[in-house]
Amino acid sequence: MPTDLDTELATERTHLIESRAALRRMRDRAQSLFAAGDKVAGDAYTAEQLGRHMARRVKELADDPETPLFFGRLDIDEAAYHVGRRHVTDDLGEPLVLDWRAPLSRSFYRASVRDPQGVAVRRRFGFVKGDLTSFEDEHLDRGEELGTSSRILTAEIERPRVGPMRDIVATIQPEQDELVRADLGDSICVQGAPGTGKTAVGLHRAAFLLYLHRERLRRSGVLIVGPNTAFLSYISAVLPTLGEVEVQQATLEELIGRVPVKAVDPPPAALIKHDVRMAEVLRKALWGRLRKPTEPIMVSDGSYRWRIDTEPLRRIVDEARRDGLPYAVGRERVRARVVGLLQRQSEYRTGNSPNETWLRKMSKIGPVTEFLEATWPAVTAETLVASVLTDPSIAGDLLTESEQDAIRWAKPPKTAKSAKFTAADLVLLDEAAGLLDRENSFGHVVVDEAQDMSPMQARVIARRSEHGSITLLGDLAQGTAPWAATDWREILGHLGKPDAAVVPLTVGFRVPEAVVSLANRLLPWLGVNVPEAVSLRRDGDLAVIPVPDPADLDARTLAEVTAALGHEGSVSVIAADDAVDRLRGHLTAAGIEHATPDETESEARVTVVPATLVKGLEYDHVIVHEPAAIVAAEPKGLNRLYVVLTRAVTRLSVLHAEPLPDALRID
């Protein structure tokens with residue numbers, strides 16, 4: 001005979017079926033409105049706007065049958081509220097599922113025995129590929145609270161990973177929820193140890209802010225900046241599963257890629273170009289182009305002649321300079337004020353007000369343009385940067401002679417258009433463009449792996465968040481760039497958010513304790529002051545495997561991959577970059593299907609990842625191939641190894657033929 005639990009489970013399954021049907025009807029209505037856009041709209045513009053809105057709405061209401069529509073329930077005042085990834089209503093508008101971002105849903109994450117917030121029972125649901133299989137109740141009104149010992153919560157956290165990153169709405173912890181629901185006006189910096197969910201916190205904060213301030217952020221936009229395209233591919237599925245489809249995602253290089261990269265800097269030159277002093281060098285080079293007027297302007301206008309003396313011209317230039325405008329905006333203001341003086345003379349002499357055609361003619365007439373070129377010359381970002389790299393002596397004492405020599409072009413190009421710019425030059429070009437004109441500011445910007453931003457790269461983000469807030473995510477211990485930050489306050493200053501709160505996340509839910517303990521041995525060697533990670537997971541396997549004969553290392557790695565495939569979940573082989581192609585060749589020869597990190601649509605369970613591209617990614621079983629080679633490949637090799645070791649969320653195998661780094665050796 002069915003038990004009460006069986007009956008209750010059947011009731012919840014019925015609610016899930018009804019909710020999915022209701023969501024389907026909501027989407028069908030949106031599609032019908034989208035199809036009828038031309039008929040219901042009064043004009044073409046309204047039809048286009050309505051069409052865009054309904055197309056977005058259709059996307060937002062997409063349902064993935066393998067993703068649970070709801071994951072929890074709150075019993076408050078004898079009413080039950082199901083909490084899920086999006087709001088679902090019945091045909092009368094009554095809620096069947098509450099969006100996890102709704103005010104009432106906050107209690108699902110924050111309620112406790114100490115502060116029940118009116119919740120009598122909190123229920124979590126267990127699912128297998130979208131099918132509701134179980135539930136678990138916490139009777140807060142009776143003093144029952146499971147916390148992280150919840151069987152369903154633990155199973156969801158530890159669920160094997162294959163493919164792109166998943167959302168964490170079912171497992172958000174109170175300290176994460178506080179960050180997710182921070183006010184739009186608050187900029188925050190999350191110093192997150194490995195496995196603490198800092199990336200997920202940032203993405204869910206973006207989704208929460210869009211829910212709360214939809215129209216405002218739809219106008220100004222939300223931007224997510226990731227370290228590389230592989231990382232963006234990995235996180236790409238999170239926001240759509242939460243119903244958010246209009247968030248711009250880009251690498252920093254994509255944001256500033258105004259010209260193709262055709263050259264490579266030596267490391268010393270790249271280091272100088274990323275130094276914040278270059279911002280002042282460019283500013284000095286730009287504004288040093290201004291000259292005081294030395295002659296009056298004489299303009300012929302039919303039978304009339306207009307004259308503007310030198311002194312009024314000087315006042316115009318000086319006032320525009322003091323206004324603190326971007327260079328190109330200031331130049332146009334000077335032009336407009338000069339034309340305004342000509343206009344007043346014309347009105348006084350002729351008694352008529354000139355029309356728009358006359359004003360445009362005067363703004364482009366020879367004497368006016370010649371005056372502008374002499375006092376406030378036109379310049380582009382490319383010509384400004386090219387001039388500095390051709391003759392860095394403009395820096396004066398901002399750069400030493402050896403630093404100037406390091407960035408000086410050995411063979412200057414004939415024109416800025418023919419210049420072969422480097423990746424570091426893109427940062428300079430963006431700085432120059434920001435000096436010339438205003439950059440559009442997003443309403444909110446999320447920056448992940450921010451510890452690797454240089455001061456000049458931080459200024460790129462600052463220009464795009466001048467009137468908005470930021471969520472800065474990173475781990476100083478994982479800084480691998482030559483200019484990697486060692487103190488968050490320094491980088492927040494460059495971002496223009498010096499007062500942003502720095503919040504540590506140290507409790508990990510993803511990386512097992514054995515893996516965290518191994519990686520923590522490296523912390524004293526990394527030159528940063530961050531708290532050690534603490535893992536709540538006592539499961540997971542760690543194997544450090546010495547290979548006596550270096551010639552056997554690749555074969556032993558292949559055997560470890562084969563063994564890993566006997567378990568559930570994703571498998572990653574992480575190696576020094578120069579070993580990756582060779583290892584991929586071995587896998588191909590062995591008939592083992594494998595993918596690259598940016599192939600998120602691939603069904604292959606095995607991914608071979610260069611150590612330099614693994615930051616931010618996670619895999620169930622990680623096989624580290626020769627740690628010593630990873631460390632030796634770059635100046636911050638130990639930091640890179642710290643990143644590599646902490647990518648495992650279930651099992652970690654470390655294979656080495658060379659001696660392990662001193663910090664990892666077990667006496």
Next item on the list: Could you check R159 against (1) at pLDDT below 85; (2) open to solvent by less than 60 Å² (accessible area, probe 1.4 Å); (3) within 28 Å of the chain's Cα centre (by Cα); (4) of a type outside the set (S, T, N, Q) and say which number it fails?
Entry: (2)
Checklist line | Where E253 falls short, out of the listed (1) touching a strand residue (DSSP E or B) at 6+ places or on another chain (Cβ under 9 Å); (2) closer than 30 Å to A484 by Cβ | finding: (1)
Notebook entry, point to check: Given the conditions (1) in contact with a Phe, Trp or Tyr (Cβ under 7 Å, 6 or more places away or on another chain); (2) within 19 Å of P504 (Cβ to Cβ); (3) of a type in the set (S, T, N, Q); (4) at pLDDT below 90, and given that T133 satisfies all but one, which numbered condition is not satisfied?
Noted result: (2)
Checklist line | Options R214, R291: the member that is open to solvent by 10 Å² or more (accessible area, probe 1.4 Å), modelled with pLDDT under 90 and basic (K, R) | finding: R214
Notebook entry, point to check: Looking only at the range 393-438, which residues are within 13 Å of A381 (Cα to Cα) and acidic (D, E)?
Noted result: D425, D430, E431, D437
Notebook entry, point to check: Which pairs do you get when a residue that is open to solvent by 20 Å² or more (accessible area, probe 1.4 Å), found in the range 223-234, comes within reach of a residue that is of a type in the set (D, E) and not in a helix (DSSP H, G or I), reach meaning Cβ atoms under 6 angstrom, with the pair 6+ apart or on two chains?
Noted result: P227/E449; T229/D598; S233/D598
Next item on the list: Hey, can you tell me all the residues within the range 66-96 that are hydroxyl-bearing (S, T, Y) and closer than 16 Å to R124 by Cα?
Entry: T67, Y81
Next item on the list: Please go through the range 359-386 and pick out each residue that is acidic (D, E) and farther than 30 Å from R408 by Cα.
Entry: E370
Checklist line | Residues being β-branched (V, I, T), surrounded by fewer than 20 Cβ atoms within 10 Å (Cβ to Cβ) and touching a Gly at 6+ places or on another chain (Cβ under 7 Å) - total across the range 56-103 | finding: 2
Note to self: So, restricting to helices (runs of 4 or more DSSP H) that lie completely within the range 557-658, which ones have at least 2 residues that are surrounded by fewer than 22 Cβ atoms within 10 Å (Cβ to Cβ), touching a residue at least 40 places away in the same chain (Cβ under 8 Å) and in contact with a Phe, Trp or Tyr (Cβ under 8 Å, 6 or more places away or on another chain)?
What the structure shows: none
Notebook entry, point to check: Can you tell me which residue in the range 465-487 is farthest from the chain's Cα centre (by Cα), limited to those that are among the hydrophobic types (A, V, I, L, M, F, W, C) and under 23 Å from G434 (Cβ atoms)?
Noted result: W483
Margin query: Can you tell me which of (1) within 19 Å of G493 (Cα to Cα); (2) open to solvent by 30 Å² or more (accessible area, probe 1.4 Å); (3) modelled with pLDDT under 95 is the one F442 doesn't meet?
Written below: (3)
Next item on the list: Output the residues belonging to the range 535-547 that are in a loop (DSSP other than H, G, I, E, B) and not basic (K, R).
Entry: L536, D539, G540, V547
Margin query: Against the conditions (1) within 20 Å of A270 (Cα to Cα); (2) part of a loop (DSSP other than H, G, I, E, B), where does V388 fall short? Just the number, please.
Written below: (2)
Check: Does A551 satisfy the criteria of being closer than 27 Å to E603 by Cα and either of a type in the set (A, V, I, L, M, F, W, C) or over 31 Å from the mean Cα position of the chain (by Cα) (or both)?
Finding: no
Check: In this structure, does L282 turn out to be buried (at least 22 other Cβ atoms within 10 Å of the Cβ), under 20 Å from the mean Cα position of the chain (by Cα), farther than 18 Å from Q451 by Cβ and among the hydrophobic types (A, V, I, L, M, F, W, C)?
Finding: no
Note to self: Here is a list: G468, G493. Which entry is free of Cβ contacts under 8 Å to residues at least 24 places away in the same chain and either open to solvent by 10 Å² or more (accessible area, probe 1.4 Å) or more than 30 Å from A648 (Cα to Cα) (or both)?
What the structure shows: G493
Next item on the list: Go through the range 180-207 residue by residue and tally those that are out of contact with any Asp or Glu (no Cβ under 9 Å at 6 or more places or on another chain) and either open to solvent by 10 Å² or more (accessible area, probe 1.4 Å) or free of Cβ contacts under 8 Å to residues at least 12 places away in the same chain (or both).
Entry: 8
Item checked: Set Q345, Q404: member being out of contact with any strand residue (DSSP E or B) (no Cβ under 7 Å at 6 or more places or on another chain) and touching a residue at least 12 places away in the same chain (Cβ under 8 Å) -> Q404
Checklist line | All positions within the range 104-123 that are open to solvent by 50 Å² or more (accessible area, probe 1.4 Å), assigned to a loop (DSSP other than H, G, I, E, B) and of a type in the set (A, V, I, L, M) | finding: V113
Notebook entry, point to check: Can you tell me which residues in the range 124-143 are hydroxyl-bearing (S, T, Y) and loosely packed, with under 14 Cβ neighbours inside 10 Å?
Noted result: T133
Next item on the list: Tell me, yes or no, whether the range 313-325 has at least one residue that is more than 25 Å from D437 (Cα to Cα) and touching a strand residue (DSSP E or B) at 6+ places or on another chain (Cβ under 8 Å).
Entry: no
Check: Between a first residue in the range 238-267 that is of a type in the set (G, A, S) and a second residue that is assigned to a loop (DSSP other than H, G, I, E, B), which pairs have beta carbons less than 8 Å apart while being 6 or more apart in sequence or on different chains?
Finding: G243/L61; G243/R85; G243/R86; A263/K420; A263/F421; A263/T422
Next item on the list: Mind listing whichever residues of the range 388-421 are surrounded by 19 or more Cβ atoms within 10 Å (Cβ to Cβ) and either under 25 Å from D323 (Cβ atoms) or hydroxyl-bearing (S, T, Y) (or both)?
Entry: V388
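The values are calculated or read from the model by the stated rules, or taken from the named source; none is laboratory data. Every value quoted in this text rests on a predicted model; they were computed, and no experiment measured them. Cβ coordinates were reconstructed from backbone atoms using ideal geometry, including for glycine residues, and neighbour counts include every protein chain displayed. Accessible surface areas use protein heavy atoms only, side chains included; no ligands, DNA or RNA. Shrake-Rupley method; radii C 1.70, N 1.55, O 1.52, S 1.80 Å.
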